[in-house]
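Data block below; observations after.
Laboratory data are not the source of any read-out in this text; all were calculated from the coordinates shown. No experiment lies behind these values; they were computed from the predicted model shown. Glycine gets a Cβ as well: all are built from the backbone with ideal geometry, and neighbour counts include every protein chain shown.
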Protein chains: 2
Amino acid sequence: MPPTGPPAEPPATDRPAARPTSKDVAKLAGVSQSTVSLVHAGKWHGRVSERTVQAVHEASATLGYRPNQAARHLRLGTTRTVLLVVPALTNPFFGAVHTGASEAAARRDFSVVVYPSPIRAGTELAPFASPFAAAHTALDGVLASSMALESLSELLGGTGPGPGLPLVMLDSAPEAGPPTVNVEVAAGMHALVTHLLALGHRRFARLVPDIDGWTFTARENAYRAALRDSGAVHVAHARTEFSVHEAAEAALTLLDTPEPPTALVCDDDVLAAGAYKAARRQGLRIPEDISITGFDDLIIATVLEPELTTVRLPAHQLGETGMTALLDLLDGRRPESTSLAAELTVRGSTAPPARR
Amino acid sequence: MPPTGPPAEPPATDRPAARPTSKDVAKLAGVSQSTVSLVHAGKWHGRVSERTVQAVHEASATLGYRPNQAARHLRLGTTRTVLLVVPALTNPFFGAVHTGASEAAARRDFSVVVYPSPIRAGTELAPFASPFAAAHTALDGVLASSMALESLSELLGGTGPGPGLPLVMLDSAPEAGPPTVNVEVAAGMHALVTHLLALGHRRFARLVPDIDGWTFTARENAYRAALRDSGAVHVAHARTEFSVHEAAEAALTLLDTPEPPTALVCDDDVLAAGAYKAARRQGLRIPEDISITGFDDLIIATVLEPELTTVRLPAHQLGETGMTALLDLLDGRRPESTSLAAELTVRGSTAPPARR
DNA sequence: TCCGCCGGGTCATACGTATGACTTCAGCAC
DNA sequence: GTGCTGAAGTCATACGTATGACCCGGCGGA
């Protein structure tokens, strides 16, 4: 006698609410599980008759069958899920990036998980570190924005020799390893400064966030390059936290001087909003007494009064293009790094400087 | 002789870049795969010696082993992934909801996928419908915001008899089936109107978005209730699309009348921004000639000048509480529907009406 | 001496799918 | 009748993990 008799037979009643499997469909349709799988994969040409295909479809419909994703992920070795790393979704710019990326992913049957990563290395990383590490094997690739590569690879569990995940970077230095999709912020900045120079401005100042990142470096370099040999001077410079009130304080230090600038170039619309506050506190009219510019073209650009002259960045397209590049990479095609145009958007916050 | 000889033997060389499995770890540590699994699950007390545990950990570290998520999902029948359904992440309010939800999920080792759903039924649904259906079996639950239940269940692939996914709703009617987490918008609106009445306002108007949803209905009802028997009158009402410029147009129709209101109650800060524009186009000063209020307390509330009196909604906390409720539900605990307080935030856009 | 028990592991299996290898059978040419 | 081909399916297995059921050696008690 074999050591085990038949174990306690499971209740033969059809379990009611359990999700149906391909086996259930097979039984109902009177075919084998393989056939069900073939039909659902669409690979049945020359292997299954039309009549059987019909039967399988009907059976699937009546049971409400959906293939178990975990099982196919395991079998196929792919999860059709990618990770989007952005600084914060509370910034509408990245909300738009996400939307674009999601749409592109959806078109090719991929899902997107978001990992809002703190920009500053180290801070607030704890609550997310663990699930990220866990998700590592649940991902096919990573689309990462505005983050230093080293901290990213650290996040990716880089300590071990595990093979790296396919990676595409958004808005980061094109020279670095992975393919990148960027916005031509340099060209945008150039157009912006040129616009101000053409209006007659000769005294410039600059308000920048205390965030490191390729875009900001690129903006800074383009700003300096555009000013060089222009006859205009860069008179001052302030770094600030990324909030309206902090920006206002910082802008005040730029404006409250014996010879204030006539043009204030801010690296983001939010900072420009702070600059508006500072200007008004100093009794300066915009744009008569001072021209102020932003960057990004968020909603607040049109909320401000006068509406803000800024550089529009194609956030949605950035996400879309980046995701497309990543999926191409996953398909084995080596995507080329691309740049998207940024567009100068002139509104009411810039004008010729007052005559002295 | 059996029909098949040994099939073409796989190349016995250790494959270089393949992700290591628990089997590889087991071999290196000199134990069985089961033991590795037990150690990683932390369920080894009384079953594995400390020394062996050490060995397994070391082997895992040197190989850079990460458990394959697909395999454990399949085995465990759970994916530890939930879906967040929000109208649009480009609205910073929902960005904050997402952040809160993600943090709560991360704390319990869950991932979040986002499905930005159009508010208006039918539109733009196509690009997302398919992956959503596919993801259906890859989800443990759904946290949904501001959407009609019927369109949601449609999204969930409701045609078939598939068992429904555990669901928690954000900001929706508490009477409906699933547990809800809401913000006490009614109390917030009551406080707001009371504030305006106390300032002496007697002629009210209202600017609302052309979006259906529980919150907006609740705001409207609370507004009317607060005005009833107050001696004040509701003079006009306009619906508008959810954008600054459209809102400005709509607000103009409210203000450009023989007897304009002295208080304009807007259902969102974005609409209030539009109202500011309309007021200025009419030559009205804020708040001397007209008081304007918003709702939500987005960044633009402090960007506007004067800064906007509004009702702060705890977006982050909403996402956090909602996610916690959903995860409780998944754990079998029946969460109770809860409400979060909304806080009246008085700033510079409200003042006593001008004497006539 | 024998039994029972416990610490420390291993074995075997199931989760649900996808797919290469195999089978079966009808039709047809020779 | 024999052999061949193609259509229509089925079989068996592997993906990597988690876990209930076993197994084994040593020790304490009767």
Legend entry - For residue A:61, label point 7 Å along C-beta direction: distances to other copies, nm: 5.8
Legend entry - Calculated FRET value between residue B:221 and residue A:346, using beta carbons and R₀ = 51 Å, to 0.05: 0.70
Legend entry - Shortest-first distances to equivalent copies, position residue B:34, nm, label 7 Å out along Cβ: 3.2
Legend entry - Whole-Å distance, taken between Cα centres, linking region A:271-303 and region A:45-102: 46
Inset, instruction - Report the FRET efficiency, 1/(1 + (r/R0)^6), for residue B:57 and residue B:328, where r is their Cβ-Cβ distance and R0 is 30 Å, rounded to 0.05. - result: 0.40
Inset, instruction - Report the local net charge at residue B:236: Lys and Arg +1, Asp and Glu -1, summed over other residues whose C-beta lies under 12 Å from its C-beta. - result: +1
Legend entry - Three-way shape call for region B:185-314 based on the alpha-carbon gyration tensor, with the a/c threshold at 1.5: rounded
Inset, instruction - Enter the Cα centre distance for the pair region B:304-320 and region A:318-337, rounded to the nearest angstrom. - result: 38
Inset, instruction - Would you mind ranking B:285, B:19 by Cβ crowding within 10 Å, fewest neighbours first? - result: B:285, B:19
Inset, instruction - Just rank A:305, B:336, fewest to most, by other beta-carbon atoms within 10 angstrom. - result: B:336, A:305
Inset, instruction - Quick one: net charge around residue A:217, please, counting Lys, Arg +1 and Asp, Glu -1 for every other residue with C-beta under 15 Å from its C-beta. - result: -4
Inset, instruction - Using the Karplus curve 6.51 cos²θ - 1.76 cosθ + 1.60 with θ = phi - 60°, work out ³J(HN,Hα) for each residue of region A:314-328 in order, rounded to whole Hz, and write x for Gly and Pro. - result: x, 4, 4, 5, 4, x, 5, 5, x, 5, 4, 4, 5, 5, 4
Legend entry - Under 14 Å, Cβ to Cβ, from residue A:193 - net charge with Lys/Arg +1 and Asp/Glu -1: +3
